Each structure stands twice: as structure tokens, then as C-alpha cells.
Amino acid sequence: MRTRHSRILAAIAVAGLLLAGCQKDTAGGGNASGAVDYPSKTLQLMVPAAPGGGWDLTARTMQKAMTDDKLATKPVEVYNVTGAAGTIGLAQLVSKNRGDAHHLMVMGLVMVGGVVANKSPVKLDQVTPIATLTAEQEVVVVPANSKYTTLKQLMDDAKANPASINWGGGSAGGTDQILVGLLAKAAGADPKAMKYVAYSGGGEAKAALLAGDLTAAVSGQSEFKDLVAAKKVRALAVSGATGVDVGEGKPAPTIKEQGFDVDLMNWRGVVAPPGISNGDKAAVTAFVDKLHGSAGWTAAMKAQGWEDFYKSGDEASAFFASENERITTVLTDIGLG
Amino acid sequence: MTVRTEPGRRWNSQTLLAAALLIVGGLLLWSAVRAEGDFGLQGPRLAPVVITSAWVVAAAVHLIMQLRPRPEAQEEARAGEEHEPDRPGWLAPLGVLAALAGFAIALEYAGFVVSAALFTVVTARVLGSRNLLRDVIVAIVLPIAIYLSFTRLLDIFLPAGVFPL
Amino acid sequence: MNVFGDLLSGFGTVLQPEYLLFAAIGVTLGTFVGVLPGIGPALTIALLLPVTFSLDDPIGTFIMFAGIYYGAMYGGSTTSILLNTPGESASVATAIEGYQMARRGRAKAALATAAIGSFVAGTISTLLLSLFAQPVAKLATTFRAADYFALALLAMVAVTALVGRSLVRGLLSLIFGLFLGVIGIDGLTGQARFTFGTMELLEGIDVVVVIVGLFAIGETLFVASRMRSLPEHITPLEPGSSGKGWLTRDDWRRSWGPWLRGTAVGFPFGALPSGGADVPTFLSYTYEKHRAKNRAEFGKGAIEGVAGPEAANNAAFSGVLVPLLTLGIPTSATAAVMLAAFQIFNLQPGPQLFDRSPELVWALIASLYVGNVLLLALNLPLIRVWVKVLQIPRPILYAGILVFATLGVYASTGSVNQVFIAYGIGVIGFGMRHFDFPIAPVILGLILGPMMELQFRRALLVSNGDLTVFVTRPLTAILLGLVVVALLVPYLPRIVARLRGRSTDTKRLTFAEED
């Protein structure tokens, strides 16, 4: 007897829930009137890495700008899929979200390298490129008591005696190692012979440089700012087209200015799943264009010290393809491909 | 040889386990040795070989110790039996595992609330609950509370699934 | 340098009602999310990071963050003690004795010694942080790869007591942990190991996934297999527990030493780059077990085994802040998240942070003191509530544990496949319990193994393959010498006896004497 009662109760409870759910939905539907047609439902932003990293920060800044500036009338949700330089998130986007224009993924140069280094079965050309958003320059630093004062001296020794230079930076196949490979190639040294010690995250590499394990460290430009300003390390070069201040109070020289034809930006962008219609792609692109033009986004970029690196539409597609080719080549030269 | 007493049976399953561990360790060692790459001190392939070799050695020692009849082993087993008068049941853990598998599969399709509610009811049953009403109430209240507090208060994404909450 | 003046002005900031509220919210939020079984401090902080992200006030954010951390840490210990479901490696050592205490009806005492121990350790270590941040940081950056290898080896040798009753089984558990540690992409070369061609294993198996699997899920399966012989409710509360006192006089007497020693281990370890909070908890546990007179009680609920590790993991947090604030070097997952939070406000922790943003730094340090007090104020009364968890009927309780364990893994990894990996490890955890293999060595192998391997190879890479790198640096040589001593100590009585020409009837001083 008791069981039957409880079943009835359960049914009532479930029905009540369903009703409550429906009401909420209709209420939510009313809001959308008068707004743009994208996003027309909850927008999901996937971060293919753990919370707290650069991609996560990018996604959450996007989320904030989208909702604060009322660009999206529907909720924007950020979720993290961790693992393997983003290739696990990439695989998930391709297999699970095919054709769903309300599912975007934040990504960047590191993923381009990750696909190559991890021999990911899912490639970047399988997704729909939308835009690149921001970029950060890389910096090459040496300890303050190092004998190297210019990049040229460092690269001369790296070429003549590769075993004498201990390079250090982030994960194997990441932006930092890519820069070391490109530098070696430009200096006429053997990229494979470069001794690169990989660390998880910038902190460990920082400690190793200060402790004396490393000759030179490569990292995102903001990472060493405080140590450069405190004169504990010296910046030799930055990797962008124009020099930025990495803590000395004046712009650091670029790699190009020192005679090596290397230009590398650690860029971040956003992609959509494969199989979305051209109309959808145009709508997503227009939406991201709007985000890029918004006051909230501009302010956030300034606060974070991100460089504007906006390319969308065909320009973005072409850039994705050229980066893919360049990174694949250099990683293969290093011996990671 | 038939071993009717409980201690003997337990001892026997330990031996089987030791043998299984040895076989698994051997297979892993084989795959570690066969991998391509640098087996030098600095290379990435040495550690797997060292670890799986240690596995094989330890499993072999374990197996030998199990095969060697020792009075203490019997005693230990008997002592263990005294603590656990009942034989472990296999149905309940298997049932829980099946429910877990169903939960994980349903999670992204049916959504968190529905799958967690069904899972709670089923698992409580498997674990011997007789009070269905209580289980159903918990199964409805708990997942909804979790879902709402995670998605609304903490901004953590959980699959909504069929419930448009 | 006028530390006290700065600290005082820090307190001036934090004690404003608005910031006190932030601290209180942080502690409460952290406690309640951290107390969910299978969701530990690391997960809690990862999950709650977005909440702090939406605040616009850096000081408020960090005050809340410190509160969340302390709350989460304590919440994690609560479930480790009550349900044997730690959510992070730093609570595994607590679970060993804590859960046994709870089973014997001493849950309140275990929770109280954890709370008070956390408070004592938190307060002392925060004081150390205020006074000695700069010199400690300088020391920490003298550690090189070879030193880390020696240190990891020493820790490994020192904590062999966790191997438990049977040496062979303990070793097999340890080896299994080491094996789990090599799965995934090799950190130095990017080569995949034991991934068997799957994408899911490329990133390796996260320690949180292993812990949730081995403990929350393995424990539940084990309970399920013995359901029929167990009463419906878990444990009776201790007899005569109606009184106000949490700890008896004897408990106090036995706890204060471990609290202080745990603090002494936790703080310096936290300060080392690549240190963290988990290794000192195991060291503290081992040490307490080793020096205890009533060693037989260990494994059956010795209060020292809860007091020491709990103090150690709290002290480690202030230690972690040393390299983070002074050099911008994060030494744990939590610190990495905090670094990200700093960057959200466009602050770069480093040598100049103390000069450039003194009010923020000192407010943060002051908020650690406040967070500690709030934690104690919140949790001592709550102990009464938490132990009620044990009165939830078993079927519902364990169904709930599984829901939270699944939720935790899914919310942090975003992948159902990781949930299945956790379940698979849960089955192994069940098997280990059934066949009487110790669980803690798995975690140990998983944490220390990769550290040893990576640092060993880094040291060789940096020295161009020269093995003498391990003996030429004084620090490395001393640490390795200690390893040798630690290995020989158990045999010393025998050696001494032999040298004196007596028969070797002196009892061997082994870690695993019941072997």
C-alpha cells in the first residue's frame, strides 16, 4: 500500500516540476523580443583548459562583456574541458557539437602546436574558424648576472655550442618551445639540437631560472615583468612586430630588430563547431564583431594588457591556415611533429 | 582438491589475484619495452620500463608468498572471517556499477536533474532501502537543489537536458 | 621594514564590515562546497573561481578567496573524517586515522582536533609569512632540479610507513600509483606513454580523479558488498557526547604536539617551488606514527594522525603564499589559480608587489588571520551538524556520495569519459579493499613518482647527462645522504649489535613491524 502511495506522490512531484519548468521557459522567451536573432538560445563557451589559465580568462572576459553590454539577451555559459593543450576539448567540439552554432570554443596558438605535438586525430581545419581576438608577445629573458646582453650573443653560442645553452619555458610543443625552434632556424642553428627544458606553467620555469638551472627562459611578456623591473632578470627580446615594455620602463627590442626574421604572437581566438550553415557562420561572426567593438571588451583588453589582434571572416580563415602550416613545420623540425 | 572452509577459498582468490597481477604487469612491461623512443636516463621511455619491471617482480614475490602454505596466512584469513561473518555480496556492487554507468551515459542527454534523480532512487534500492517515498523525495529535492545552486549561484555549467529549468 | 605597522593597517582594511562580510561569505561557501563528498579544496576553488571573478574589488576578492580556501580545506577534511571520501591528496593522510576515529564514535574529537589544529597552524604560519616572507623566498629559489629529485626521494623513503602491514602489498600499491603517474604525455618530450591510442589518457589521470575513484567510489562499492552485515546507520555518536567539550583533556594533551610539528613541516614545504600541501601531510603522519608511544593505536583511530596532517596542510597554504607573493611563483594548483586572480586585476605578483600594492598584500595577509578565526567560529559549532551526516540512512547517504563524486569529476573536467575513468579506478579501489591492499601508497606514488622522474631527467638534461650533478652540489649531497640514513636507520640496532659481536636478537626497528 505504502509503495503505491509513494509512486503517486512521485508522479505528482514530477508533474509539478515539469509545470514549473515550462512556466520558466515561457517567461524567458518573452525577453528575446526586439533583440538580434543570435544567440537565440543559451550560448555555450567552451574553455578547453582548466579554470584560471589564459583561455579561461579570455572566455570569462567575453562572457562578462556579452552580458554586461547586453550583446546577448540569452544566458552565456562558460565551461571547461581540460586536457592535452586543448586537443581533448577540440575532439569533443567536433564529435559532440557538430552543427550547433550556439557552441563556441576559445582556442589559440597553443592548440595549433598541441594538435601537432600530441598527434591529435582531430585537426584544427575540421572546425569553423570565426575570429582571432587578442595576442600576447613572448619575451626571452636571462638572469641578471648572465654574460649575455643581446639576443645575438645568445644565439651565436646556441649555434656554436647548443649543449651550453639550457632553454626553459612552458610545456613541450607550446608557444615557448615553438619560439626557440623558430629562433634557432633563423639563426642557422639546428632546432633539434636546442636543449629545451619544459616546465608546467611559467612559475616553475621562473624558479629554475633564478636557481641557475636555465641559461635563458622564454615566456609570455607579462610573466617576468616584475622580475625585470626588480633587475633580477634581463629581457633580451620580445617576439612581436613592435617592442613592448616588459618591465624596464622602455620598450624592449624585438627579435626582428636584432636581425632574426622571427615574429611570433601567442594569439587567442574563437572557433565554432564543424557543419554549421553559412548563415549561422555569418551570424556568429557578426556577433563576435559586435563583441569586439563593444566598450566593455575594449576596456577589459586594456585592463588585461592584451594586444588587439582582431581578424574575422576570410582573414581569420587564411590566418588559421598559415599559422597551422608554419607551426607544423617548426615542430617537425624540432622533432616533435 | 576441494576446499570447503571459508579461509581456504579466500586464500585461493588471493592467489588468483596475484597471478592476474603478474600477467597484467608482464603485458605492461612488454608494451613499455616495445615503445619507440629514447630509453636513456634522460629519455621518456626508461621510467615506464623500470616501474613495470618492479610491478612484475613485486607481483611474482606476492604470488610465491601466496603459493607457499603458511600457517599465519590461514590464521590471518580466519581472523578476517571472524570480523566479517557474512560473505561479501556481489550483486549490490554490480548493481551500483550498472547504475553509475547509466548515470554517466544519461547525464548529457537527459540532463543532470533527471539522471541524478533516477540514479538516486535506483542506487538506494540496490543498497537495500525499503522506503521508496523517502528515496523519491530525496531524489527530487537533492538534484534540483544542486542544479539550481551550482548553475544559478555559482555559475557552474551542468547539463540541463530535458528539463528547461 | 615596519612589518607590524603594515600588518596593522592591513587589519584596518580587513576589519571593515564590508570586508568581514566577504570573508564570512568565503569561509561559508568554501566549507559548504568543500564538504560535499568527493569535492575537495582544489575542486572547490576551481569551481568557485568564477564567483570571485565577478567581483570588481581586488581586496574583497582576495579576502573572499582566502576564506574559500580555508573553508574548502576544512570542508574536505570533514568528509575525509566522516565518510573516508577525501577530495584532494592533502586530505588523504587525514582520512587514514580520522575515518577510523569516526567509526569508533570519536568523530567529534577528530573534527575538533582538525579545526583547532588548522587554526593553530594557520595562525602560526601566517605569522611566519608576515615576518619571514623575503628570506624564505630567497632560500626557496636556490633549489635546483637535482635538489628536488633528492628531496622527492627523501620524502618517498621517509613515508614508507604508509605501506602498512604487508610490505609486498604496500609495494604493489605504490607501484600502481607510480604506474598511474607515467600515463599520459611526458612533460619533457611530449611523447605519449601508456595511452593505448586514446585521447582521454593523453593528459594523464588527474590526481583528483584518482582520489575520487579510489575513495568515494571504491568505498561505496565496498560498503555495498557488505551491506547486509552492516546496520542501517553508520556509527553511534560517542557515548555521553551531550556535553559541550569537543576534546577531552587527554585529546588536548595528545594534539598540541602534532599541531606544532605539523606546522613546522607544512610551512617550509609549501614555500618550495614544486612543494605543495600533500607531501608534508604524509610526512607529518609518518612522523607522528613513528614517535608515538601507542603506535598500536595507529590504524585504529589515533588522534595524533589527524592533528598532525591537518596542521600541516593548513600551514602549507601560508607557505605557498611566500613564493607566490614575493616572486610570482605558484607552487600548487591553488596558487596557480590565485595567480590567475591577481592577473584578472592586472597585478603581477613579484618582488615589487610589496612596494607597489602594499595595502592589497597586507590586507590579504591580515585576511588570512581573520579567515582562520572565522573558520574556527563557524566550524566548532557546526561539528554538531556535520556528525549528524552519519545518521543519514546508509542507502541514501551512499547514493548521495556517488552523485557528488560524479558531479565533482564532471564539473571539473567537463568530460563524461573522465567520469568513467573515475568509476574504473573506483572498481580497482573496491578490489584493493576487498583483497586488503592499502590505498594511501597509490596516492603517494602518483604524487612523488612524476616529481622524481621529471626532476631527475631535468637535472641530467641541464648538466648534459653528467650523473655527478647529484653529488657535487652540497644541498643535493646532504639530501641524498639523509636518504641513505633513512634507509639504514631501521637496521641500525642489528648493525650495532653485530659490531659489538653480540647475537642479533635485538628487534629490528622497522616501519612495518607487523610484516
Review point. Share of Cα-Cα pairs in the stretch A:136-258 beyond 19 Å, in percent?
Key: 39
Practice item. Sum up the charges of everything whose Cβ sits under 10 Å from the Cβ of A:Ala205, counting Lys and Arg as +1 and Asp and Glu as -1, but leave A:Ala205 out. Key: -3
Practice item. Return the ratio Rg/(2.2 N^0.38 Å) for the protein assembly as shown, where Rg is computed over Cα atoms only. Key: 0.93
Check your understanding: Just counting partner chain Cβ atoms within 10 Å, what average do the residues of peptide B:96-107 show around their Cβ?
Key -> 5
Revision key, fill the gap. The helix A:295-304 Cα axis meets the longest alpha-carbon principal axis of chain A at an angle in degrees, between 0 and 90 and rounded to 10, of 40
Review point. Which FRET efficiency value, to the nearest 0.05, do you get for B:Ala19 and B:Val141 by plugging their Cβ-Cβ distance into 1/(1 + (r/R0)^6) with R0 = 60 Å?
Key: 0.80
Exercise for review: With a point put 7 Å past each Cα toward its Cβ, work out how far C:Arg384 is from B:Leu148 in nm, to one decimal.
Suggested key: 2.8
Review point. Between A:Lys123 and B:Trp90, what is the FRET efficiency for a Förster distance of 35 Å, r being their Cβ-Cβ separation, to the nearest 0.05?
Key: 0.20
Review point. If you rank C:Leu487, B:Leu100 by fewest surrounding Cβ atoms within 10 Å, what's the result?
Key: C:Leu487, B:Leu100
Practice item. Work the Kirkwood hydrodynamic radius out for chain C: mean of 1/r over every pair of different alpha-carbon atoms, inverted, in Å. Key: 23.4
Exercise for review: Quickly work out the A:Glu257-to-C:Gln134 label distance, labels modelled 7 Å from Cα along the C-beta direction, and quote it in nm with one decimal.
Suggested key: 3.3
Review point. Among B:Leu17, C:Ala112, C:Gln348, whose Cα sits farthest toward the positive end of the charge dipole of the protein assembly as shown (+1 at Cβ of Lys/Arg, -1 at Cβ of Asp/Glu, about the Cα centre)?
Key: B:Leu17
Review point. How many Cβ atoms of partner chains, on average, are near each residue of C:198-210 if near means within 10 Å of its Cβ?
Key: 3
Check your understanding: Across the residues of C:451-461, average count of Cβ atoms on other protein chains within 10 Å?
Key -> 5
Check your understanding: How far is helix A:313-334 tilted off the main Cα axis of chain A, in degrees rounded to 10, range 0 to 90?
Key -> 50
Review point. In what sequence do A:His103, C:His290 fall when counting other Cβ within 10 Å, fewest first?
Key: C:His290, A:His103
Exercise for review: Go ahead and set up a Gaussian network model of chain A, Cα springs under 10 Å, then flag whichever of A:Gly212, A:Gly86, A:Gly113 fluctuates most.
Suggested key: A:Gly212
Review point. Cα axis of helix A:2-31 to longest principal axis of chain A: angle in degrees, 0 to 90, nearest 10?
Key: 70
**Study point:** Relative contact order %, chain C, counting alpha carbon pairs below 8 Å whose residues are six or more apart
**Key:** 27
Review point. Past the 18 Å Cα-Cα mark, which pairs from A:Lys41/A:Lys70; A:Lys225/A:Lys250; A:Lys206/A:Lys232; A:Lys281/A:Lys311; A:Lys192/A:Lys232; A:Lys123/A:Lys185?
Key: A:Lys192/A:Lys232; A:Lys123/A:Lys185
**Study point:** Calculated FRET efficiency for the pair C:Asp355/A:Ala160, C-beta based, R₀ 30 Å, to 0.05
**Key:** 0.15
Review point. Hey, what number do you get for chain C at 222 nm if only DSSP H runs of n ≥ 4 count, each worth -39500 (n - 2.57), divided across all residues, to the nearest 500?
Key: -23000 deg cm²/dmol
Study note, to complete from the structure: The residues A:Glu136, A:Glu325, B:Glu36, sorted from fewest to most surrounding Cβ atoms within 10 Å, come out as B:Glu36, A:Glu325, A:Glu136
Exercise for review: Give me the number: length gained by fully extending A:Thr332 to A:Lys70, i.e. 0.36 nm times residue separation minus the C-alpha to C-alpha distance, one decimal in nm.
Suggested key: 89.8 nm
Check your understanding: Let a ≥ b ≥ c be the square roots of the eigenvalues of the Cα gyration tensor of the stretch A:194-308; is it rounded (a/c under 1.5), or, if not, prolate (a/b larger than b/c) or oblate?
Key -> prolate
**Study point:** Shape of the stretch B:91-153, Cα gyration tensor, a/c cut at 1.5
**Key:** oblate
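Each reported figure results from applying straightforward, stated rules to the coordinates on display, with no laboratory input. Predicted model only: the values in this text are computed from it and were never measured. Glycine gets a Cβ as well: all are built from the backbone with ideal geometry, and neighbour counts include every protein chain shown.
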